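Peer 1: Below are the structure tokens for one structure; questions will follow.
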Amino acid sequence: MLTLVVVGTAFIGGRRGFPGPGGESIAWHVAASATVIAAQVFSDRHRGFAAFSGSMVVFMVAGLLLWTQWWS
């Protein structure tokens, strides 16, 4: 969902002449979304430590994205 917000903001900003997120930020959001979706699907299909590991990947990637693209 956050990726769609960033892409939409870049599109609207470009059309109205406002500064918005650049291509690098969009690329980071798309890559993080793909990684998180893959990790969540993996976690949903496994049990035990494997499921826990997949869930941790989701939280770590989301935290890294928030830290590098939103709070810095």
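Read-outs throughout are calculated quantities, based only on the coordinates presented, and are distinct from any laboratory measurement. Treat the numbers as computed from the prediction; the structure is a model and nothing was measured. All Cβ positions, even for glycine, are placed from backbone atoms using ideal geometry, and neighbour counts span all protein chains on display.
Peer 1: Per 0.36 nm of contour for each residue apart, how much would the distance between Ala38 and Met1 grow if the chain were fully extended, relative to their Cα-Cα spacing?
Peer 2: Working it through step by step, the gained length comes to 11.8 nm.
Peer 1: Considering all projection directions equally, how large on average is the shadow of the alpha-carbon convex hull of the chain, in square nanometres? Each step should come with its number before you reach the end.
Peer 2: Values: hull surface 19.3 nm².
If you wrap the Cα atoms of the chain in a convex hull and average its projections, you get 4.8 nm².
Peer 1: Would you mind checking the tilt of helix 2-16 against the longest principal axis of the Cα atoms of the chain, expressed as 0 to 90 degrees and rounded to 10?
Peer 2: Value to nearest ten degrees: 10.
Peer 1: Select from the chain those chymotrypsin sites (Phe, Trp or Tyr not before Pro) which occupy a DSSP coil region and have at most 11 other Cβ atoms within 10 Å, ordered by residue number. Mind showing how you got there, number by number?
Peer 2: On the way: sites: Phe11, Trp28, Phe42, Phe49, Phe52, Phe59, Trp67, Trp70, Trp71; in loops: Trp71.
Hits after loop and neighbour filter: Trp71.
Peer 1: Here is a follow-up. Normalised by the residues of segment 1-68, what does the relative contact order come to in percent, with Cα pairs under 8 Å and at least six apart?
Peer 2: On the way: 45 pairs, mean separation 17.8, N = 68.
It rounds to 26 percent for segment 1-68.
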